[in-house]
Each structure stands twice: as C-alpha cells, then as structure tokens.
Amino acid sequence: MSNKLHEKIIANLKVCDYVTTTTELFANEIRKFNKNVIVLPNAVDPTDAQFNEPTLPSEKIRVGWLGGSSHLHDLKLLDGMVSKLSPIQDKLQYHLCGFDIRGQITEINRQTGERTQRPIKPEETVWVKYENIFTNDYKIITERYKNYLNTFVENDYVGVENENYVRVWTRPVTSYAKNYSKFDISLAPIKNHIFNRMKSQLKVIEAGFYKKALIASNVGPYTIDLKHAMKNGQFTDGNALLVDETRNHSDWAKNIKKLVDNPNMITDLGERLYETVKDTYDLNNVTRTRAEFYKSLIK
C-alpha cells in the first residue's frame, strides 16, 4: 500500500497496553504484535425491537441473505444454486435484503488520467449482480415482475408473495435486523481468505437470536460456534449446515433441498442455534464482561 497504512496499524498495536477484538481467531493474529489481547464478541440486545419482529407464515420456504455492497465475491459462491433447485422451485422463495441504489461511481479519462465522479445508475449497482444470482438471471420470476424490478422504485408490488424472489430494500442500522423475520433459512457464504477469516460471527449471532436455520461457509468465524448437522446424509445434533470450500459448487443447493424435504429441521436448527448464542452473545453479558475488564485496568 502506497501510504503504508498497514505499517501504521501494526505500529499502533505494538504500543497499546491492551487490544480488544471480537474473536479468538483475530486475537491470535493480533498477538503476533501485542500479547495483551482481550476478546469481547459482537452481541445482540434481545430486547431490541429489531430482533423481535414476528415471522409471518408462508406456504413457501423462504431462503434469505442480508448484507451490504462488499460481498459480490462471497455471493458468487452461490452461482448456479437457484438453477440446481429449479425442480423444487415451487416450494421456494428467495429474499435478497439490503438492496441499495445510492452511491457514486468514479470514471477515469484514459487520455488525461482525470478522475470524475457521478451518481451511480441503478442498473450499475452491485445489487443487480446479486439479484442475477438469486433469480438465475431473472428466469424464475414473471416478466411483469421483472419489468417492475427494472424501474427500481420502492413501491409495494401487488402479488409479490406469489413470486419466487423478493427484493428487500436497505434499512437503517437501527432496524436492518428486522429483515431476518422475512425468511426461514439464512445463508452466510464467505470466500476463504485472510480478511474473511478475521471477521466476527455476526451473521451466526443474528440468525441465532431470530431462531433461523443457518447454512454457512465452513470458514473462519463460522467455525467458532457452528457444528455441522449432517453425517452420511442424515441429520445429527449439530446447529447448522456447513459448506466446505471444495463443495461450494453443489452443497448450497443440496443443503437447501435437504431442509425443504425435512421442514421440521428448519425449526429444530433454528432452536439449536438460539440455544448456542442466547447467553454468550447477549449484550448484557458481554457488556458486563467489558465493564469488569475496564475496572481491572483501573485497579
């Protein structure tokens, strides 16, 4: 990096008395530069309204993903998933949550090197690429609904409950988690690289407090609390379904189909995940630990 920002970060870590971070995985990396690392995980306030939105019943099993605009390479792991599930498409509905058309795009003049910015066009956003993945290039939706989506308006679409895909627009940080109430199965794909391995397990925590069945990459933060609930094609006592890196081409679809064929396991996995996270990642407990740590520094 031209500004040597990484060197500045490492220098700051070395002179700190203590460093706090969110997972033991990240703590082990930081300990290469500072041995005094305390893990204080991300947490949820279970009384917060955005984590108490009821999930309405549906005749379809709803599969959802919730996130931001920096996950294209992660979501590419799902390429082909919707197509593979086409034989049971009548039982499924996909929800893409966080859709956002705001932002700027930078253009570079090749002759002069001059950089200029302009508002990004809706069709240029990464969210359209996300949508291509979740709709199999819009093949699973009606032509009328496709035309509506291409208007990029946030008005309610009459009959969306009958479509195979639902676009869910972005929400403020104070209410974004309500989107978990819109689906039954939560997806958490991440590519296996150092940046992702150092992330927190926030998607695990959020899905757990919402009692959602979770299908996640068997990578980094998702290995902390999750135990694969399948062996030799049969369900076990695990709390999620994990996809190995070598199985991205097939197991996202296979795991969804397994849950469609065994819908009671959607509820069971959600309950097991809730039991995993409800105490460890309760904000009250984590805040108490944080306060005790800070008090120990004063002493």
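Each value in this text was obtained by applying a stated rule to the coordinates, not by laboratory testing. Keep in mind that what you see is a predicted model, and the values were worked out from it rather than measured. Cβ coordinates were reconstructed from backbone atoms using ideal geometry, including for glycine residues, and neighbour counts include every protein chain displayed.
The simple Förster model, with R0 at 25 Å and r as the Cβ-Cβ distance, assigns residue 139 and residue 235 a FRET efficiency of 0.20.
Computed from label points 7 Å out along Cα-Cβ, the spacing between residue 150 and residue 294 is 5.4 nm. Solvent-free Debye calculation, one equal scatterer per alpha-carbon of the range 70-126: log10 I(q)/I(0) at 0.12, 0.18, 0.25, 0.26 Å⁻¹ equals -0.51, -0.83, -1.08, -1.10. Spacing of the modelled spin labels on residue 132 and residue 267, each 7 Å from Cα toward Cβ, amounts to 4.0 nm. Label separation (residue 52 vs residue 88): 3.5 nm, computed from points 7 Å beyond Cα along the C-beta direction. The convex hull built on the alpha-carbon positions of the range 6-65 has an orientation-averaged projected area of 7.0 nm². Over the range 12-120, the Kirkwood radius and the radius of gyration, each from Cα atoms, give a ratio Rg/Rh of 1.12. Length, then width, then depth: along the principal axes, the Cα atoms of the range 180-222 run 31, 13, 13 Å. Evaluating 6.51 cos²θ - 1.76 cosθ + 1.60 at θ = phi - 60° for every residue in the range 144-152, the Karplus couplings come out as 5, 5, 4, 4, 5, 4, 6, 7, 6 Hz, glycine and proline recorded as x. Comparing mean-square fluctuations of 177, 229, 49 from a GNM of the chain with C-alpha springs under 10 Å, the top value falls on 49. Considering all different alpha carbon pairs of the range 72-216, the Kirkwood hydrodynamic radius works out to 17.3 Å.
Ordering 280, 175, 150 by Cα displacement along the dipole of the range 140-299 toward the positive end leaves 280 in first place; charges were set at the Cβ atoms of Lys, Arg (+1) and Asp, Glu (-1).
Using 5 Å bins from zero, what percent of all Cα-Cα pairs in the chain falls into each bin? P(r) over the chain, rounded to whole percents: 1, 5, 10, 14, 16, 15, 13, 10, 8, 5, 3, 1, 0, 0.
By DSSP, what percent of the beta bridges with both residues in the range 49-277 are antiparallel, rounded to the nearest 5?
In the range 49-277, approximately 25 percent of DSSP beta bridges are antiparallel ones.
At an R0 of 25 angstrom, the distance between the Cβ atoms of residue 13 and residue 279 translates into a FRET efficiency of 0.25.
Among 18, 145, 94, the largest mean-square fluctuation in a Gaussian network model of the chain (Cα springs under 10 Å) belongs to 18. Less than 5 angstrom separates the built amide H of residue 165 from those of 94, all sequence-distant by 5 or more or on a different chain.
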